[in-house]
Each structure stands twice: as structure tokens, then as C-alpha cells.
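Written out below as C-alpha cells is the structure these notes cover.
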Amino acid sequence: GSSRGFCAFAVCFFVSSGSPRRILVRREMAEDLGKLGTKLAEGKTKIIYESAEDKGHVIIVSKNSISAGNGAKRDELPGKGQFSTTTTCNVFRLLQLSDIPTHFVKQESPVSIRVLNCAMIPLEVIVRRLAAGSYLKRFPNLKQGDRFDPVVVEFTFKDDVLGDPLISDEEIVARNMTFNGVKVDQTVVEQLKRLAAKAFHVVEAGWRSIDVALVDFKVEFGVTPDGHVVLADVIDNDSWRIWPKGDPALMKDKQVYRNLPVGSLSEHDLSMLIGLYDWAAQRSAFLLDSLLQPNKYE
């Protein structure tokens, strides 16, 4: 319609100083917005819309925003939405090919994915292979890089006001939460742990195949309308710590942004951060190769 045409023109006009490729991608993004239904929710880094074509699906659009400290620190990284979407799609493809149930349906546009319309469980499930970040503050006897085998699995309750506090199995069960007919009891808590650990092992093997250590990651789960627990949300370069060659000095994830002082980003910092997300997006394609069997010839 005419509004779609105007939207595409407006986006191109305002980014006319950008590269031709960036303008082309943003034109595609603008045109794809015409296929979206009602906006359901907007967070710090993504917007969720109803699908205009299928009420059983929603569309997750990744923004160019980056934030830390539960939103206390926030910036815009040109291209981040596209890099994050590429990474998320490759990770979910890897997981589905590994028989891990997810909400992923397909990539919808350069900056969006089509997923099953799930009721989200308000928990982040954190899986840790190596000691890093906040875990070291809680356990000062450990040093960065200490290995956990088996992996450590923890929960935080999603609440920005409270700062996403840690929550025990017992506290989760005591909340008496039910989503699409599934009560989050101890059996479901164990299911979340098992699926999160299995997903971690799959993604870890993918990164290991290109000599990158997956230090930890955080994932979320939802419940489909017919009552199946699936891995949901997004899994991108904001979701994990990755250390090439197992060296924290080479980290390629959002921790680099967290470590920068609060304030406006310098051109150097902006360029460096964009490079990290581009690097992760490109390398995420190689994770799928970890599933391939050696070629066999007659």
C-alpha cells in the first residue's frame, strides 16, 4: 500500500548517508513491516508483533539497541538487529536439527524471525561451563575460567525492577505458575534444566569446532498453545560469553560492551562493537557444520 511505500522512502531518506547495502537492507525491513499485525510487546532489544498471516505465530523484530545493567546503559549499534537475527536463526537451526524443541519457524526478514506464539515462562536459565562474570563475585574462591563438569544450571526471575534475581527451584514451584495449561512444578523445572543443558552442549560443540569456547549462556522457555515446553526468545551475541581459543582477552560478546565506561560511545568503540556482532553472526553459520557427518564415497 501507499503507507508501505512512504515508510520505505522515509527510511531510505533518513539513512541516505549510509552505505548502499545498508539502505537496501533497511528498505527491505520497512517493506516487511507491512506484513506485521498488532504490536504485542517491546523490550530493550526487540519488538514482538502478531503475524498478519497466522495467529499461531508471532514475529520477533531485533532492534539495533544494546543495553547493560538492566537498561541503565544503552546505545544504538547500526546493523546489530541484522547480525543478531542471523545469529539467532543459525543457533535455532542447529538446535532443531539436534532434536531440541524450539519455537523457531523460519527467518522472516533480515531483522526478524517467525516463531510459535508461546506463553513465556518468566525465567532465564543460565548454563555455565567456565566461571566468569557475576558468578565469580558470588564465589570468590573461584578464578576466571575454572571449569564446571557437569555444567552449572541456575535460574533468575525476569524482573527488571528487582534486577532479575536468582531464584531457587523451591521458590519457582512456590510461585504456582501455569502457562497454557502447564503448571511449572518440580517436574517442569527439571525439564527446563535438562533442555537448557542439552542445548548448551550442542551450541558448545558447534563453537568448539571452530576453536571458540562457549563460557556460558542464558536462554528462555515458553509453552505452546497445545502445552509443549520449547526453547524460545532469541539466542544471539547478547546471550552468551564466547572466548576464541579459550582466551578471555579475545572475548567477542556483549561483555566487551559491559566493560566500557558509561557514556557516549567513541567512533572507535562503536566500530569495534559492530565488528564483534558481525564476527559472531558470520561465524554462527559454521556452527551447523558441527552436525555434518564426514562425506562418504562409493
Looking at the chain as a GNM with Cα springs under 10 Å, which of THR224, THR38, THR85 has the largest mean-square fluctuation? THR38
Quick check: net charge around CYS118, other residues with Cβ under 10 Å of its Cβ, Lys/Arg +1 and Asp/Glu -1? -2
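Would you mind calculating the gained length between LYS35 and LEU162 on full extension (0.36 nm times residue separation, minus the Cα-Cα distance), in nm to one decimal? Can you show the working numbers first?
Details: separation 127, 0.36 × 127 = 45.72 nm, distance 3.61 nm.
Full extension of this stretch gives 42.1 nm more.
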Subset of LYS137/LYS198; LYS193/LYS252; LYS44/LYS106; LYS39/LYS137; LYS73/LYS106 violating a 29 Å alpha-carbon distance limit: LYS39/LYS137; LYS73/LYS106
Please report, in whole Å³, the volume per residue of the convex hull around the C-alpha atoms of segment 222-298. 176 Å³
So if I restrict to the alpha-carbon atoms in the chain, what is the Rg, and what is Dmax, the biggest pairwise distance, in Å? 19.6, 63
Radius of gyration, Dmax [segment 168-236; alpha carbons; angstrom]: 14.1, 43
Helix by helix, which DSSP H runs in the chain go 20 Å or more along their axis at the Cα atoms and have an average Kyte-Doolittle hydropathy of 0.0 or more? 80-97, 267-287
log10 I(q)/I(0), Debye, Cα-only segment 159-298, no solvent, q = 0.11, 0.13, 0.16 Å⁻¹? -0.58, -0.77, -1.01
Segment LEU97-ASP169, length gained on full extension (0.36 nm per residue, minus Cα span): 23.0 nm
How far apart, in nanometres, would the label points at SER266 and THR187 be if each is projected 7 angstrom from Cα along the Cα-to-Cβ direction? 5.8 nm
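Here, each number is a calculation from the coordinates, and none is a lab measurement. Because the structure is a prediction, the values reported are computed rather than measured. Ideal geometry is used to build each Cβ from the backbone, glycine not excepted, and the neighbour counts take in all protein chains shown.
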